[in-house]
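The values are calculated or read from the model by the stated rules, or taken from the named source; none is laboratory data. Predicted model, so just to flag it, every value in this text is computed and none were measured. Every residue, glycine among them, receives a Cβ derived from its backbone with ideal geometry; neighbour counts consider all protein chains shown.
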Amino acid sequence: MTDEYGLLDTDPEAAIGDEWEEIDVTDTEADRIARERDRKFEEFEAQIKDAEQFKVEQSVFDDATFGALYKLVADDHIEAFGGPISTGKEANVYEALGADNTEVAVKIFRINASPFQQMRTYLEGDPRFEGLGSDKKAVVLAWVRKEFANLQRAREAGVRVPAPIAVERNVLVMELVGLVEDRARRLAEVTVENPETAYEVVREYMRRLHTAGLIHGDLSEYNMIIHDGELVIIDLGQAVTIHHPNAGDLLRRDCENVAAFFSRQGVDTSGNDLFAYIAGDDDRVRW
Ligand SMILES: Nc1ncnc2c1ncn2[C@@H]1O[C@H](COP(=O)(O)OP(=O)(O)O)[C@@H](O)[C@H]1O
Ligand SMILES: [Mg+2]
């Protein structure tokens, strides 16, 4: 195809199977750090709470979240914190300096304010989370692990997503797309040049994701970002496997949202066309 929008080449050897990783959501190292509260942790917490960029949001973070950040710093995944990029419903995203002077994005999920009942409906029916209870913390932690695992899986499938770096309790560290001083924009915020090509790239990524057994579940111009001519799909926390009972409905909704956006840009398509392109011959999901 074309270099525009940075469509990734795929590795024909990298066969993605349908096997799922075990995900453990029991007590974490971060909880232990927060419980024990040694002097270094106390200092770290005081310092972060005092930092300009956390002042507004600090009330939403519990001690164990600081424990998770402490652990990520101790493990050299984070060197220094930058400012907020986004304050969302269930998570805040910050810029930070990671290992080897790279810039990273740190997504911090809120345990208490999260719409966890809604989250549960995405986790139920996912073979990776069988037996997950209804405990709020377990649900949010599973969600974060799921976003990490989904990013990894999507990457292996040749879909351009932020590279996952580390996950600790309710905190996810990933590649920052764009630079601190030159932020990536959401597709919704830019004038899409050559929408036909952008659409082809998105369509191809949706198909690759589906082939790898995943459905994004919240795909729209708000969860695609663009930087330096490269289109990147983000926010895979809610992505479910194609075996999920709502997989068909979610895929249909994704197709409708994506097709509606590109139709407004003048591309001749519809949700139905897109669905047929992605999963037309897959009996497990139906329009
Ligand atoms: N890896 C990343 N690189 C650059 N910007 C990001 C990254 N992840 C998230 N963002 C920014 O943060 C916003 C919110 O992130 P997202 O994962 O969509 O969370 P939410 O669940 O709040 O929608 C995005 O719209 C984007 O602007
Ligand atoms: Mg989002």
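Side notes on the structure shown:
- Residue 224 within 16 Å of ligand 2 (Cβ to nearest atom) and under 20 Å from residue 254 (Cα atoms): yes
- Annotation note: of 155, 169, the sole residue that is over 20 Å from residue 31 (Cβ atoms), surrounded by 13 or more Cβ atoms within 10 Å (Cβ to Cβ) and either basic (Lys, Arg) or within 14 Å of the chain's Cα centre (by Cα) (or both) is 155.
- In the range 215-234, the residues that are within 16 Å of ligand 1 (Cβ to nearest atom) and touching a helix residue (DSSP H, G or I) at 6+ places or on another chain (Cβ under 8 Å): 216, 217, 218, 219, 220, 221, 222, 224, 225, 226, 231, 233
- Qualifying residue in the range 236-244 (condition: outside the structural domain of residue 63 (by TED's automatic domain parsing) and part of a helix (DSSP H, G or I)): no
- Flag for residue 209 being assigned to a helix (DSSP H, G or I), surrounded by 20 or more Cβ atoms within 10 Å (Cβ to Cβ) and touching a residue at least 24 places away in the same chain (Cβ under 8 Å): yes
- Among the conditions (1) touching an Asp or Glu at 6+ places or on another chain (Cβ under 8 Å); (2) small (Gly, Ala, Ser); (3) in contact (Cβ under 8 Å) with a residue 60 or more places away in the chain, residue 154 misses just one, which is (1).
- Test: residue in the range 208-220 that is away from ligand 2 (no atom under 16 Å from the Cβ), at pLDDT 95 or above, among the charged types (D, E, K, R) and more than 27 Å from residue 81 (Cα to Cα): yes
- For the range 72-86, the count of residues that are within 11 Å of ligand 1 (Cβ to nearest atom) and of a type in the set (A, V, I, L, M, F, W, C) is nonzero.
- If you go through the range 67-93 and keep only what is surrounded by 14 or more Cβ atoms within 10 Å (Cβ to Cβ), assigned to a strand (DSSP E or B) and either outside the structural domain of residue 142 (by TED's automatic domain parsing) or within 16 Å of ligand 2 (Cβ to nearest atom) (or both), you end up with 84, 85, 91, 92, 93.
- Qualifying positions in the range 163-206 - under 25 Å from residue 278 (Cα atoms), not in a strand (DSSP E or B) and not aliphatic (A, V, I, L, M): 193, 194, 195, 196, 197, 199, 200, 203, 204, 205
- Within the span defined as the range 270-286, every residue fails to be within 16 Å of ligand 2 (Cβ to nearest atom) and either of a type in the set (S, T, N, Q) or assigned to a helix (DSSP H, G or I) (or both).
- Per-region count, the range 253-272, residues under 20 Å from the mean Cα position of the chain (by Cα) and not hydrophobic (A, V, I, L, M, F, W, C): 3
- Candidates 96, 142, 64, 105 - the one that is touching a residue at least 40 places away in the same chain (Cβ under 8 Å), assigned to a helix (DSSP H, G or I) and within 18 Å of the chain's Cα centre (by Cα): 142
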